[in-house]
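Shown next, in structure tokens, is the structure this report addresses.
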Amino acid sequence: MDKGHEAAEMEKLASSRPTWSRQIEFTLAGIGSAVGLGNVWRFPYLCFRSGGGAFLIPYLLMLVVLGIPLLCMELTLGQYTKRGPVHALAQFCPLLKGVGIASVAISFIMCTYYNVVITWALYYLFSSFRAPLPWQTCNNTWNTANCTDHATNSSNSSTSSQEFFKYKMLEQTQGIDEAGNVRWELFLILLLAWILIYFCIFKGVKSTGKVVYLTALLPYAILIALLVNNAQLPGALQGIIFFIVPEWDKLLLVEVWVNAAAQIFNSIGIGFGFLMSMASYNSFNNNVIKDTLVIAIVNSLTSILAGFVIFSAFGYMSYLQDIPVAQLAVDGPGLVYIVYPQAFANMPLPQLWAVLFFLMLLCLGIDSEFAMVEVMVTSLMDEYDRRLIRFFKRKELFVLAVCVVACLLGIPCVLQAGIYVFQLMDHYTAIVSIMFLAFFEVLAICWFYGVRRLSDNLEEMTGKKANIFFRVCWQIIAPFLILVILIFSIIQFKPARYENYVFPPWAQSVGWVVAMGSIIWIPLASVHTLWILPGSFVQKLKLSITPYSLSQTSKTPYYERGGGDRYPAVSVISASIRLQDNSPNLGN
């Protein structure tokens, strides 16, 4: 195939890829996928545990040196290659092409159980239309003799909101060994949640682009309404002061800094592949830097806004219990399904605020969920589009098949032991797997592909190279910070547990199998790359870190118009092998 014909083929391929109807739709979708339930429960929880305002200092610093540069890196990669994470990583660093596969795997694993959080939000939303709220009193069939209808820190009693969550919605068993029966109410709501997800993405970016106007913007209106209401409650000011005034001694703890970096990392979604997939539908000359700044900054501002909302409610709860804010009993997921609903029960117009709050959770969850599903759809369509269309006839039916499979895999989470399944999968996927994946992604792009090449790609699209700050972050700061987080996570690793329940050894083993379901693709794909490349082992190794060396049809990137000889391709692999000094740039 001559080079002119090849370029024409690649340009035809690029032009056939759908794009966002308006660029604002990508920005909103990016904000929606980055802003999720973690902004509402994990961020306030980490602030609470890390001395309030003391957490904000490392959090904002990590946003600048870690979150923004790495988000720009992923968006640049997706927009330049016009491909999802699998093909993008395979083109830029064939040796670590498994990182792209791992991104798809981890996103798909997460989407199977993450939708149960949306299921819970829908269950609470439907229950919020009752008067009184079902978790407002202890006069219900599911309540125990130890139930109390007011907030308490006593270990000998449980609040009505705790018992609603545990005994009414979940019908929770004593452990993962007791699977129990399917909670048919939750299963039907899970089915409804997947129907919502399907209609958000079944037309690709054309349908997603319209949905995000509602799901990305409505949560902000609700958060502001909740803040206005909460600020008028007695004790709210004390909670807000706790949130913004630092306990300076907490800054001396390494854990606070590592948690801040991890929160930025997980909140934005670095390594999960969904922002890279969404960016692949951008026009080639879109301003990546502008989108990076908007998505990253809005994501962090949302966390801070949610912090004001949650901590004003904490202040109100401390007023009701007559104890300091620091002594409240607060945990992670229970924050939004136990602690905050208990606050609603004591507010004026409790049904109104409950409906608004769980509607907000629904919108936040849906955005993140359909982004994870879109990673799988995009990656499979990139690789097998003709075969899939031939089999399913229409893309909409293929998307339906993906949603059905994910829904079936989520059924264990709606058993009576579902909360244990959820906690086990979340611990070994979102905490263990993502750190390994992120380290190798940065290694592949920033070191093997090279910061200079990445900066050149950015210049091709926007007309400007990456500034010195971005280049230093890509080359040094980001890899160092991620390595520190990874090492700290390994040293401080604790087996999965739910409240006081420690999972048995067999369950921990299952958790590691789930974790390896994504991580294993990195070494397997590396072995495959070295196997299929020609030459001796040293020659294979050199080619494996040479961009585009896996292309079997001498394909150059379709945006290298006029500059296609900058990177070696298969048509020159034999020459690359002969010329021992033709090694890729490993540095900048």
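The values are calculated or read from the model by the stated rules, or taken from the named source; none is laboratory data. The structure displayed is predicted, hence computed values, not measured ones. Don't worry about glycine lacking a Cβ; one is built from the backbone with ideal geometry, like all the others, and counts go over all protein chains shown. With ligands, DNA and RNA removed, areas are computed over all heavy atoms of the protein, side chains included. Shrake-Rupley method; radii C 1.70, N 1.55, O 1.52, S 1.80 Å.
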_Out of the helices (runs of 4 or more DSSP H) lying entirely within the stretch 164-272, which hold 3 or more residues that are surrounded by fewer than 19 Cβ atoms within 10 Å (Cβ to Cβ) and touching a helix residue (DSSP H, G or I) at 6+ places or on another chain (Cβ under 8 Å)?_
184-201, 205-215, 218-231, 236-244
*Working only within the stretch 32-58, note down all residues that are open to solvent by 10 Å² or more (accessible area, probe 1.4 Å), at pLDDT 85 or above and either within 21 Å of the chain's Cα centre (by Cα) or closer than 25 Å to Ser277 by Cα (or both).*
Leu56
*Only one of (1) of a type outside the set (A, V, I, L, M); (2) open to solvent by 10 Å² or more (accessible area, probe 1.4 Å); (3) on the phi < 0 side of the Ramachandran plot is not met by Gly315, so which one is it?*
(2)
_Please count how many residues of the stretch 59-81 are in contact (Cβ under 8 Å) with a residue 40 or more places away in the chain and open to solvent by 10 Å² or more (accessible area, probe 1.4 Å)._
6
*Scan the stretch 471-510 for residues that are more than 21 Å from the chain's Cα centre (by Cα), closer than 19 Å to Thr292 by Cβ, touching a residue at least 60 places away in the same chain (Cβ under 8 Å) and open to solvent by 20 Å² or more (accessible area, probe 1.4 Å) and report the count.*
3
*Taking the stretch 406-439 as the search range and keeping residues that are open to solvent by 10 Å² or more (accessible area, probe 1.4 Å) and of a type in the set (S, T, N, Q), which one is farthest from Ile106 (Cα to Cα)?*
Gln416
*asked:* Pairs needed: first member in the stretch 369-386, without any contact (Cβ under 8 Å) to a residue 60 or more places away in the chain and surrounded by fewer than 23 Cβ atoms within 10 Å (Cβ to Cβ); second member anywhere, aliphatic (A, V, I, L, M) and in a helix (DSSP H, G or I); C-beta distance under 7 Å; at least 6 residues apart or different chains.
replied: Leu380/Leu388; Met381/Leu388
